[in-house]
Structures are given as structure tokens and as C-alpha cells.
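Each remark here refers to the structure printed beneath this line.
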Amino acid sequence: MIRFVIFVSYGNDSVALIQWAHEQQLEDVAVVFTDTQWMADGWAERVDRCEEWTRTLGFTPYRTTSIGFRQLARDRKGFPTQQFQWCSLVLKIEPGQRWLAEHDPDCRAVCLVGVRREESQDRSDFPEWLVKSMNHGGRVMLAPFATWTADQRNALIVKAGFEVLPGRSRECRCINSNRKDMRRFTDNDWAAIKEAEAEVGRNMFRPHRHMGASGADEVRKWALSERGKYQAPTIVPNAVELEDAPREEELTGAGGKCDTFGGCGT
Ligand code: SF4
């Protein structure tokens with residue numbers, strides 16, 4: 001029987017939420033990782049470590065499956081964008097809904113999310129609980145960190161024996177990655193992005209938002225440059241530079257996009 005469900009990426013919020021569930025002595029907890037098959041270099045090892053840890057707490061780890069980011073981009077002959085972020089629906093939300101329908105067909109489970117109101121203006125009135133969360137198929141939803149600060153969350157991460165990560169989780173080489181996120185990409189990450197761009201025949205990151213940087217190699221140079229210093233080989237009209245705000249602040253939490261279940265970047 002499953003009584004509680006936590007959708008995770010195994011970033012900061014995920015670890016804190018699992019630790020919180022443990023300290024509340026919750027039982028019959030399912031911890032569900034949404035695998036987009038587009039994990040950044042090294043993240044798979046973190047997933048294994050976190051799943052091992054959840055087992056020691058008496059919880060049960062699961063993984064959802066999907067077509068995967070790269071195949072999806074091939075099928076759609078393009079990459080998703082912030083405006084048209086269809087990857088969220090296909091790779092995270094729908095697999096999560098299928099998982100819930102299969103494992104909790106009577107909708108009795110309570111879904112936990114790690115949203116904090118201070119994360120952004122959008123989340124400033126996020127409810128601490130909902131009797132029927134439509135994002136969770138009409139199940140009860142609890143957001144125990146809704147009124148918490150990052151420091152309170154971080155204290156749980158440390159108690160769990162994990163380090164607080166400096167940025168968003170890396171379960172996906174996200175199309176929304178900013179300069180700080182990209183600086184954490186490894187050679188393997190850039191090689192995978194370059195291969196995907198070659199397969200799809202398009203840029204994964206839009207040049208006009210990266211000072212005209214076109215293609216993985218140039219975007220990498222942009223990411224490694226200081227703000228305003230990158231010079232594109234060709235001038236792109238109206239090119240601007242993305243802000244360096246941590247994506248974690250922008251991507252975690254409340255509904256509608258990748259984070260509907262609390263599993264994107266969290
Ligand atoms: S993490 Fe980014 S790339 Fe991955 S599914 Fe979510 S929005 Fe899309």
C-alpha cells in the first residue's frame with residue numbers, strides 16, 4: 001500500500017522532503033524519480049545513492065519512464081523552449097500521472113511537494129495543503145515547506161547527511177539552464193548536447209538569448225565568459241543576455257510546468 005508519494009529529482013528540495021517525511025515517521029512512502037533520460041554527467045550516481053538512502057529509511061524508490069528528451073526532440077524535430085515547454089508535459093507530468101494511476105488507482109495517497117513561498121512571486125500564496133490537488137489527480141497535497149526559508153530546508157539536508165547543492169538539480173540538461181548551470185556541465189554534457197543538436201538539426205539554446213551564441217560550442221564559450229564579454233562570430237540582431245538568477249529559484253515548486261509534481265529541478 002502507498003500512503004504518501006514524493007516526486008523527486010533528488011536535488012535539494014527532494015532530499016529535504018524525504019528527510020522531513022522520515023522525521024515525521026511517515027510510513028508507506030513512495031519516492032518517485034522521473035527519468036527524462038537526459039541526466040547531466042554524474043547525476044545517475046546521485047540517483048543511485050539517494051535511492052539507497054530512501055531504502056534505509058524504509059521508503060520505496062520508483063522511477064517513471066518516458067520516451068526520453070533526446071528521442072522527443074528528434075520526433076518533434078526541434079527543442080522545447082521556455083515559451084513552449086512541452087518536454088515538461090511529456091517527460092514529467094504525464095509519466096507521473098501514469099504512475100499515480102497505476103500505483104494509486106483509488107486516489108488515496110497524499111502527495112508531498114517541497115514548494116516554498118519565498119522562492120518566487122508566483123509561489124507567494126502557494127497553499128500549505130489542498131484537499132483535491134488537480135495536479136495530482138484530485139489527491140490530497142501537502143506542502144510542508146510552504147512557509148519555510150531556504151535555511152530551514154538546508155538544515156534538513158545536512159541532517160540527512162547530504163551537502164546542500166549550489167544550484168538546481170541536474171536530472172535533466174535543462175533547456176532553461178542559465179550561465180551558472182552551464183558552468184557545471186562537463187565535457188560529456190556538452191558532447192551530448194552537440195550530438196542532440198546534430199540529430200535534430202537545430203540549436204538547443206536560442207542564440208538571441210545568449211548574445212548570439214549559436215550551437216553547443218559557442219554557448220559553452222558564452223557560459224564561460226564574464227557577463228557582457230562574449231562576442232559571437234556573427235552579429236545576431238536584438239541578442240540579449242540571460243540573467244544569472246539561479247534556475248532553482250525559477251523552476252521549483254508550483255504548477256503547470258515541469259515542476260507540477262515537485263520533480264523538476266528540485
Ligand atoms: S528539466 Fe528542463 S529540459 Fe527537462 S523536462 Fe523540465 S523543462 Fe524540460
Using the alpha-carbon centroid of each, what span in Å lies between segment 53-84 and segment 111-164?
-> 21
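Given an 8 Å cut-off on Cα distances and at least 6 residues of separation, report the relative contact order of segment 107-217 as a percent.
Here the relative contact order equals 17 percent.
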Can you give the relative contact order of the chain as a percent, counting alpha carbon pairs under 8 Å and 6+ residues apart?
-> 25
Label residue 56 and residue 37 with points 7 Å out from Cα along Cα→Cβ: what is the distance between them in nm?
-> 3.2
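Evaluate 2.2 N^0.38 Å with N set to the residue count of segment 88-132, then give the Cα radius of gyration divided by it.
Relative to the rule-of-thumb radius for its length, segment 88-132 sits at 1.40.
Using the 10 angstrom Cβ neighbour count as an exposure proxy, how do 34, 65, 56 rank, fewest first?
Sorted ascending by nearby Cβ count, the order is 56, 65, 34.
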Please give the length that would be gained between residue 85 and residue 128 if that part of the chain were fully extended, namely 0.36 nm times their separation in residues minus their C-alpha to C-alpha distance (nm, one decimal).
-> 12.8 nm
When the label point is put 7 Å from the Cα of residue 164 along its Cα-to-beta-carbon vector, which residues of segment 16-42 have a backbone N closer than 18 Å?
-> 16-20
Are there chymotrypsin sites (Phe, Trp or Tyr not before Pro) in segment 64-171 that DSSP marks as loop and that have at most 15 other Cβ atoms within 10 Å, and which are they?
-> 84
Dipole magnitude of segment 144-201 about its Cα centre (Cβ charges: Lys, Arg +1; Asp, Glu -1), debye to nearest 20 = 300
Dipole axis of the chain (+1 Lys, Arg; -1 Asp, Glu on Cβ), positive-most option in 176, 231, 38 = 231
Which distance in nm do the two modelled labels at residue 76 and residue 49 give, with both placed 7 Å along the Cα-to-Cβ direction?
-> 3.2
By count of other Cβ within 10 Å, fewest leading, how are 18, 157, 67 ordered?
-> 67, 157, 18
State the answer as a single residue: which of 72, 201, 89 lies farthest towards the positive end of the charge dipole of the chain, with beta carbon charges of +1 for Lys and Arg and -1 for Asp and Glu, about the Cα centre.
-> 201
Restricting to lysine pairs 8 or more places apart or on different chains, what number in the chain have Cα atoms under 26 Å apart?
-> 17
For 118, 102, ascending order of other Cβ atoms within 10 Å (fewest first) is 102, 118
More than 32 angstrom apart: percent of Cα pairs within the chain | 23
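No value in this document is a laboratory result; all are computed from the given coordinates. All values derive from a computational prediction rather than experimental measurement. Neighbour counts are summed over all protein chains in view; Cβ atoms, including those assigned to glycine, are modelled from backbone coordinates with ideal geometry.
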